[in-house]
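A quick write-up on the structure given underneath.
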Amino acid sequence: MDKIIDLHLSFMDHLVEEGDVLRELERERISILPGFTEQAELVRSYYTKYYSKPGRRIVFCGINPGKYGAGKTGVPFIDFHGISRLLPGHDRQEKERSAQFMLSIIEEYGAGEFQDSVYVTNLSWYGFMRDGKNLNYYILPRHVRHHFIESFVEEMKIVQPSFIVPLSEEVGRTLRQMVKDGQLDYPIADRLPHPLHGSFPTNLKKSRMRYHKCIEQHTGLQRKEIYRIE
């Protein structure tokens, strides 16, 4: 899976070298979250540990990193608290709601066993901020937006998923358009609730049930422990 890390690092190298896209974002007061580029070796360690085993996986596809989770660690849907539980030798405890929801799902099925069957990523590996607030890829100026999601196509050629599960309505629309345009050739499943949405107490039970149903129907995984809803 080193190819995936190198793919997304090369993308940023190209943006810096070419310059036009970054200048356009600067004009719009948009900055790119630096977590992935700053933590590339941490990301590489995670991918080496959890995604080196060959085999077909389903893909959970989110939007893009946020400033408190993957925007810091570089690992999709994993915050530093999750890193401390999943990678030995790390002890930072910053938490983010989406990442905590995903970590609880991973730990129910077993770290390692889960990643052998489910690949978790984002449509854009880079997150964005404007005026101190998270900004999603679909809010970017239309003429630069496509640059940040085209690498996903190459990523999927490496992963070769059995199908892709969007984790938001907007991601589902984008993925279906990419299929329609001939960019992707993989089935797009019904979406699951975004982990942030699923993490709120009023949504938690129903959202977890939907994740369980998807994982268990399509991978054969069975939960090793039961998450207790307080």
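Could you let me know the centre-to-centre spacing of the stretch 174-230 and the stretch 12-43, using Cα atoms, in angstrom? Cα centres, the stretch 174-230 to the stretch 12-43: 29 Å. Normalised Debye scattering of the stretch 86-168 at q = 0.12, 0.23 Å⁻¹ gives log10 I(q)/I(0) of -0.51, -1.27, counting only Cα atoms as equal scatterers and leaving out solvent. Heavy atoms of the protein chains alone define the surface here; on that basis the chain has 50 Å² accessible area per residue at 1.4 Å probe size.
A 1.4 Å probe over all protein chains sorts ARG130, ARG223, ARG23, ARG29 by accessible area into ARG29, ARG23, ARG223, ARG130, starting with the largest. Normalised by 2.2 N^0.38 Å, with N the number of residues, the alpha-carbon radius of gyration of the stretch 180-230 equals 1.43. Note on the stretch 1-46: the C-alpha convex hull projects to 3.3 nm² when averaged across all orientations. Which residue, ILE158, ILE78, ILE30, tops the fluctuation ranking in a GNM of the chain built on C-alpha contacts under 10 Å? Checking each option, the largest mean-square fluctuation is seen for ILE158.
Projecting label points 7 angstrom from Cα along Cα→Cβ for ARG145 and HIS218 puts them 2.4 nm apart.
Within the same chain, lysines fewer than 8 places from LYS133 are excluded, and of the rest, those with a Cα less than 29 Å from its Cα are LYS67, LYS72, LYS95, LYS205, LYS206. Taking the chain as a Gaussian network of alpha-carbon nodes connected by springs under 10 Å, the highest mean-square fluctuation of the residues PRO195, PRO166, PRO187 belongs to PRO187. Over all Cα atoms in the stretch 133-209, the spread is summed up by Rg and Dmax: 14.2, 40 Å. Looking at the calculated P(r) for the stretch 1-107, what percent of the C-alpha pair distances fall above 18 Å? In whole percent, the share of Cα-Cα pairs in the stretch 1-107 beyond 18 Å is 54. When its C-alpha radius of gyration is set against 2.2 N^0.38 Å (N residues), the stretch 59-215 gives a value of 1.01. Comparing VAL43, VAL144, VAL118 in a Gaussian network model of the chain, where Cα atoms under 10 Å apart are tied by springs, the biggest mean-square fluctuation is seen for VAL144. As a fraction of the 1.4 Å probe accessible area of the stretch 85-126, surface on carbon and sulfur atoms comes out at 44 percent.
Distant-in-sequence amide contacts of LEU135, defined by a placed amide H-H separation under 5 Å and a gap of 5 or more residues or a different chain, comprise PHE128, MET129, ARG130.
Quick one: helix 150-159 against the long Cα principal axis of the chain, what's the angle to the nearest 10°, folded into 0 to 90? Between helix and principal axis, roughly 40 degrees.
The long axis of helix 40-50 is offset from the longest Cα principal axis of the chain by roughly 30 degrees.
Relative to the longest principal axis of the chain, what angle (0 to 90°, nearest 10) does the C-alpha long axis of helix 169-180 take? Helix 169-180 sits roughly 70 degrees off the main axis of the chain.
The values are calculated or read from the model by the stated rules, or taken from the named source; none is laboratory data. Everything numeric here is computed off the predicted structure, so don't read it as measured data. Every residue, glycine among them, receives a Cβ derived from its backbone with ideal geometry; neighbour counts consider all protein chains shown. SASA here: full protein model, heavy atoms, side chains in, ligands and nucleic acids out. Shrake-Rupley method; radii C 1.70, N 1.55, O 1.52, S 1.80 Å.
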